[in-house]
Structures are given as C-alpha cells and as structure tokens.
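To keep things clear, I will list the structure first and then write my remarks on it.
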Amino acid sequence: MSTPVVDRPSPQYRPVEHRVSAAGLLRAEWIKFWSVRSVAWTMVAAVVAIVGLGVLLSWALRDVLADPQAGPAVAAQGVDATAASLQGAQMAWLIVAAVGVIVVAGEYSTGMVRTSFTTAPRRLGVLAAKAAVLAVSVLVVTGVSVLAAFLLGQAVLGERGASLGDDGVARALVGNVLVLVGFALAGLAVGALMRNTAGAVCTVLAAIFVVPLLLMAVPESWGGDTLREYWFSNAPTNLTTVSEVPSYLDAWAGTGVFAAWVLVLLALGALVLKRRDV
Amino acid sequence: MIEARGLRKVYGRKTAVHDLSFTVRPGIVTGFLGPNGSGKSTTMRMVLGLDRPTAGQVLVDGRPFAQHRAPLSSVGALLDAKAVHTGRSALNHLRAMAATAGIGRARVDEVIDLVGLREVAAKRAGGFSLGMGQRLGIASALLGDPANVMFDEPVNGLDPDGILWIRNLMKSLAAEGRSVFVSSHLMSEMALTADHLVVIGRGRLIADESVQAFVDRVRPRGVTVRSPQVAQLTDLVRDAGGELVATGDGAFEVRGLSAERIGDEALRRGVAVHELHTVRASLEEAFMQLTADAVEYAAHAGPGAGPVLDLPADRPAGPAPSTREQRETQEVSR
C-alpha cells in the first residue's frame, strides 16, 4: 500500500510547448495521406482508369474510323477526339471521391480520429489540412494522368487526333482535372458527414451515376430540365468538354454551381465534424 | 492539473456521468477506479473534448483542453488501443502526430525506444497484439512530453514485465511533477500505483481521497485469533458479544469485537493467545462495499434507484451486517 502524499507540495512540471500550426497540420496530413496503402492504391486506380481507358477508347475510335463501312458515317457526325481520350476521367470521378471518403471516414472507423482530435482539438484545422492535401494530391496525380491520357490518345488517333493548341482543348483538360478535385473534396465532405466508408461511397456513387439517370425521368413540367442542369454531378459537364453540350449549363455557370455544391457539402461536413462526439 | 466541475454526460435517456467533480493534482498518481461501464472512459473523453459534456466543465491547467495551443504538451492520453489507423505503421502514426505539433524526429525515435517498439515500428499497427497496441498508445501519450498524463486501463494486454514497467513509469512521471490520471477496474493495480483515488460507480462520485483513507473508511473484516484454549476463547467471545467462526486451520475469526478488546479480555481471564490480529479490508473489499449498490449490472438496480452510496461512517459499530456481497467477497479473498 502506498503512503498518501496528497498534501505534499510538488512543483508542477513545465513542459516545452509544442504548438499546433497550420504548417504542422499540413505536414501531418501529408504523412497520413500517403502512409495508408488503401489510399495510395486507390490513387493508382485513378491513374489507371484515366490513362488506360483514355488510350483504350481512343484505340476503339481509331478502329471504327478505319472501318470502310462504318467509318465514313461516324466521321460525318463529327469526331470528338479529345472526349474519346478523356473518357477515363469520368470513371475516375468516383475513384477520387472514394479517396476523399476514405481519408476522413477511415479515421472514424479505425478510431484514429480520437488521436487526430486530441492532437489538434479544434478539429477544423484537421479537416482543412485534409482538404488541402487531398486537393493538391488529386490535382497533381490526375493532372499528369489527364495530360498523359490526352497525349497518348491523340498519338493513337494519329492524323484524326486533336492537338493541345486546338480551340477549347486546354480548357477541357484543365476542366477535367478541376472537376476531379471537386469530386474528391465532395467525397471528403460526405465522409465527414456520414463517418462510414461504405455508406459514404455508396452515397457518392448514387449522386454521380444514379441520380442523373433518375432525373432524366422527371418531366419538364416538374422542372426536370432545371433539376438536371443544376444537379451536382451534371453541373460541370461543359467544363470538361471541348464542344459545348447545349442541354447543360455553360462552362462558367456550371463551374459556379458545382463549386457551390462542393463548398456547401464541405461546410456541412465541417459543422458535423466540429460538433459531434467521437 | 485536471479539474472536473459538475461534469455530466447524458446519452439519450441514459445518464453516463452524474455531476462529477474531482481534481487530479500534479506530483501524484491519481487512480480512477470504477466497475466496467461506470463512466470512466466517458469522463476521460470529456477531459479531451472528444465528448461534449451535457453540463459542467473540465479544465486542464485552468483552461478547457481545446483552448490549449500546445495540446500534446498539455495532456498525453492513452485512450484505448483503438485510436490508431490500422493501415498505418507505428512509425508513421507517431511521425504524423509529431508533425502536427512540430515535434522533431529525434523525439519520435526516443518514445519508440522508450516503449520498446523499435523492431515493429515499420509494421502496420493493425497487426499489433493488444500489448503492442498499448505500447504504441503510451508512446503517443508521451510524445509531447506533457504536463498531464491520462491512461485508460493501461495494463490491459501487457505481460508481467510490461505491467511492472508501466507502474514504474507512472510513478516516475508523477515524481517529475506531472499529473498522472490512470483508470482501472482492478483494485489491486490501483493499490500498487495510486496515491490518491477518485472512485465512481454508475457515473457518480463515490470517493475522492487517498488510498489509505479509502481503505480506512471500511470496517475491518474481523480479528483472527489462535488459542489452545478453545472452550475458554469461545466463552470469552460470546460473553463479550462477539461472533466466533472456525476458519479450519486451528484459528478462529472473530467478528464484532476489536483485537484490543479480545486481548484485554484474554489477559483478564488468563486465556493464552498465540495469534491476534485485525484482518484489514483490502482495497478490493473497500471498493466492493462502497460500490455494491453502484455496480451497473447489479440485479434490480434501475438507473437512479435510491442512494448510490451507503457511507460506512454512518454504520453502527456493532456486528457486521452479513450481506450476500460481503460473504462472497470474503470467500474470494480467503
């Protein structure tokens, strides 16, 4: 049995203060992001989808055009060589959104979030740093991938291919990358809102691929066209294409609407992350 | 220094912590004792701001934890083995934590060596045993060289060497002037490490006092007497109003009489006494007596049913009431 020493005066320990800083939070999230295999592999999957599908579909288009029977008819309709090589980017929307989900929901499912919020108890800095690291990582990785997909795809298409200097091509490339960053951030926000990886990924999947199909069935008299134009994953359509698709918002309006979606989701995610017990 | 004032936490219809107030002082190890489900972990999470108190507040060195600019230097916490991403290596886990607070790589290596995780530092934490997970949690807690240390059930999963190591670690941390707050449901563990106890049962404060004072509050269990003059001893005890029970090895346990009384009486009657000592209540027994009503799983006990604490100070000094719980306790401790 130990002796009671409650009343013994003891000098309180004075530690060296290691303060939390924005730079520290960013460095920490960078280490966290790249040190989990599932995240790194999902990023690799995004590269494969963007470059692989881009090259594959460019190849398919070249074969169709080379076909003596079908070729001339297809060519007559107008060939969007850029779109063919960037098809994979659309598939990668879901993949980068999943990365965003994993980055935050993975912390909740493993309990890591308690360490994160004990290390930085104001919490919002953690989310902001996660968003910044995610945005930069997705920007760089998909930026290189989209450029590679375009260049390889056009090389496959040869004389039918587009070039970087063509009207609208550069904007479409940049647009695709920005949209990918937007989807990744939206995934992060949904992950923070739902805190469950599977649920959040399914929600994002539905938002990107299922809801647009359902909206096609909404009659015009119910505002179907407006709903479709302004829906989250439809809004940035014309930001990603060289030739404008008339049934969607134009590139600038689309960018604004899409950015608003992402920012509102992030704000809701931040609110929930700040307030809920972990 | 950690000060809880009127801390309360309600989850839906269940109140996990009731108006809890206590102080964890620097320089000593404060044990946080309570049965499983009594609200210890909830209280610790509230200290760190992970759970928001329904009422009341808890201050760390005078401020809510979330307002500290250097949280890792303020409180180092081992919450449970699951505050780590299973897919990340121990080294990267600590590197990320250190980065947040601008702590250098040298300190990361230092705590890895301190807890003995060097060989597995590059392995994923998901593959760690319970004991290795605890060591990683302790390394995380010590990373910022904090003024306050909070360990939730730290000996869980540790081998005997590890248990001894953490006991000494907690004592040396306290000796350096840090506040050490350690929870356990193991009374024996607290007896070996704690100087001061905060005891809770069903979310309510039961005791906040030194370990010694806590044990002293509980009646002695009885007096062991050994005498060759069995008949005379039996008469003596009966005449004095006590109760005598043979313990089977030639000794007797006397209840209701103090050792002094038995000794004096034996001298007066000329009864030879070969052994005479008071059987002290162990920390276990003290705890059982004080929390019997507060144990979450006690039969018939609904939330908020009656007073939780039956203070022993109020009890008459006569023959000990022989409740079922006490008999069980005694049998276990024999």
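Values quoted throughout were computed directly from the atomic coordinates according to the rules given, and no laboratory measurement underlies them. All of these numbers come straight from a predicted model, not from anything done at the bench. All Cβ positions, even for glycine, are placed from backbone atoms using ideal geometry, and neighbour counts span all protein chains on display.
Given a Förster distance of 35 Å, report the FRET efficiency between B:S188 and B:D235 from their Cβ-Cβ distance, rounded to the nearest 0.05.
Numbers: r = 39 Å, r/R0 = 1.11.
Efficiency at R0 = 35 Å is approximately 0.35.
Please state the charge dipole magnitude for region A:22-275, taken about the Cα centre, from unit charges on C-beta atoms (+1 on K and R, -1 on D and E), reported in debye and rounded to the nearest 20. Walk me through the intermediate numbers first.
Numbers: 14 positive and 13 negative charges, 317 e Å.
Here the size comes out at about 1520 debye.
Determine which residues of region A:93-111 fall in the zone a paramagnetic label at A:V44 would reach in this model, i.e. backbone nitrogen under 20 Å from the point 7 Å along Cα→Cβ.
Zone members listed by number: A:93-103.
Taking the Cα centre of region A:22-275 as the origin and placing charges on Cβ (Lys, Arg +1; Asp, Glu -1), which of A:V242, A:W231, A:V74 is farthest toward the positive end of the dipole?
After comparing all options, I get A:W231.
In the Gaussian network model of chain A, springs joining C-alpha atoms below 10 Å, which of A:V141, A:V242, A:V64 carries the largest mean-square fluctuation?
Answer for the Gaussian network model of chain A: A:V64.
What FRET efficiency would be calculated for the residue pair A:W59, A:A260, taking the C-beta separation as r and a Förster radius of 41 Å, to the nearest 0.05? Walk me through the numbers before you get to the answer.
Values: r = 38 Å, r/R0 = 0.92.
Efficiency, from the Cβ-Cβ distance: 0.60.
Expected output is a single nm value to one decimal: the length gained when fully extending between B:R63 and B:E284, i.e. 0.36 nm times separation in residues minus the C-alpha distance. What is it?
This chain segment gains 76.1 nm when fully extended.
Anything over 25 Å Cα to Cα? Flag those among B:K82/B:K123; A:K130/B:K82; A:K130/B:K40; B:K123/B:K171; A:K32/B:K40; A:K32/B:K82, in the order listed. Mind dumping the intermediate values first?
Working: B:K82/B:K123 16 Å; A:K130/B:K82 21 Å; A:K130/B:K40 31 Å; B:K123/B:K171 30 Å; A:K32/B:K40 30 Å; A:K32/B:K82 16 Å.
Violating the 25 Å limit, Cα to Cα: A:K130/B:K40; B:K123/B:K171; A:K32/B:K40.
Which whole-number percentage describes the relative contact order of region A:22-275, with Cα contacts under 8 Å and a sequence gap of 6 or more?
24 percent
With r as the distance between the Cβ atoms of B:N36 and B:A175 and R0 = 35 Å, compute the FRET efficiency 1/(1 + (r/R0)^6) and round to 0.05. All intermediate terms of the calculation are to be shown ahead of the outcome.
Values: r = 30 Å, r/R0 = 0.86.
Step by step, r from the Cβ atoms, then E = 0.70.
Each label point is 7 Å from the Cα along the Cα-to-Cβ direction; what then is the distance between the points at A:L205 and B:R13, in nm?
3.7 nm
To the nearest 20 Debye, how big is the dipole of region B:103-174 about its Cα centre, given +1 on the beta carbon of each Lys and Arg and -1 on that of each Asp and Glu? Intermediate values should be presented prior to the final figure.
On the way: 8 positive and 9 negative charges, 28 e Å.
So the magnitude is around 140 debye.
May I ask for the distance between the Cα centers of region A:195-235 and region A:58-75, given as a whole number of Å?
So the separation of the two Cα centres works out to 33 Å.
Starting at the first residue of region B:4-9, write each ³J(HN,Hα) from the Karplus equation 6.51 cos²θ - 1.76 cosθ + 1.60 with θ = phi - 60°, in whole Hz, x for Gly and Pro.
Calculated HN-Hα couplings, in order: 9, 10, x, 6, 9, 9 Hz.
Under the Karplus relation 6.51 cos²θ - 1.76 cosθ + 1.60, θ = phi - 60°, what is the ordered set of whole-Hz ³J(HN,Hα) values for region A:105-122, x standing for Gly and Pro?
Once θ is set to phi - 60°, the couplings for region A:105-122 become 5, x, 6, 5, 5, 8, x, 4, 4, 5, 5, 4, 7, 7, 6, 9, x, 7 Hz.
Amide H to amide H, which residues 5 or more places from B:D208 or on other chains are under 5 Å from it, using H placed in the peptide plane?
The answer is B:V199.
Just checking the output field for B:92-98: average partner chain Cβ neighbours within 10 Å of each residue's Cβ? Walk me through the numbers on the way to the answer.
Numbers: counts 5, 5, 1, 5, 13, 8, 6.
Mean partner-chain Cβ count within 10 Å for B:92-98: 6.
Please compute the net charge surrounding B:L186, taking Lys and Arg as +1 and Asp and Glu as -1 over other residues with Cβ under 10 Å from its Cβ. Before the final figure, lay out each step's value.
Values: positive: none; negative: B:E153, B:E189, B:E284.
Neighbourhood net charge equals -3.
What is the spin-label model distance, in nm, from A:V144 to A:A128 if the labels are put 7 Å beyond Cα along the C-beta direction?
2.9 nm
Suppose only helical runs count, i.e. DSSP H with n ≥ 4. What mean residue ellipticity at 222 nm does that imply for chain A under -39500 (n - 2.57) per run, divided by all residues and rounded to the nearest 500 deg cm²/dmol?
Calculated from helices alone, the mean residue ellipticity at 222 nm is -22000 deg cm²/dmol.
Averaged over A:104-114, how many beta carbons belonging to a partner chain fall within 10 Å of each residue's beta carbon? Can you show the working numbers first?
Values: counts 0, 0, 4, 2, 0, 2, 9, 8, 10, 3, 9.
Taking all residues of A:104-114 together, the mean is 4.
Using modelled amide H (1.01 Å from N, peptide plane; none on Pro or chain starts), what sits under 5 Å from the amide H of B:F181, excluding residues fewer than 5 places away?
B:T30, B:V149, B:M150, B:F151
I need to check one value: relative contact order of region B:77-136, counting alpha carbon pairs closer than 8 Å and at least 6 residues apart, in percent.
49 percent
If each of B:N168 and A:L268 carries a label point 7 Å out from its Cα toward its Cβ, how far apart are those two points in nm?
It works out to 5.6 nm between the two label points.
Give, rounded to the nearest 20 debye, the magnitude of the charge dipole that region B:1-46 has about its Cα centre when Lys and Arg contribute +1 at Cβ and Asp and Glu contribute -1 at Cβ.
200 debye
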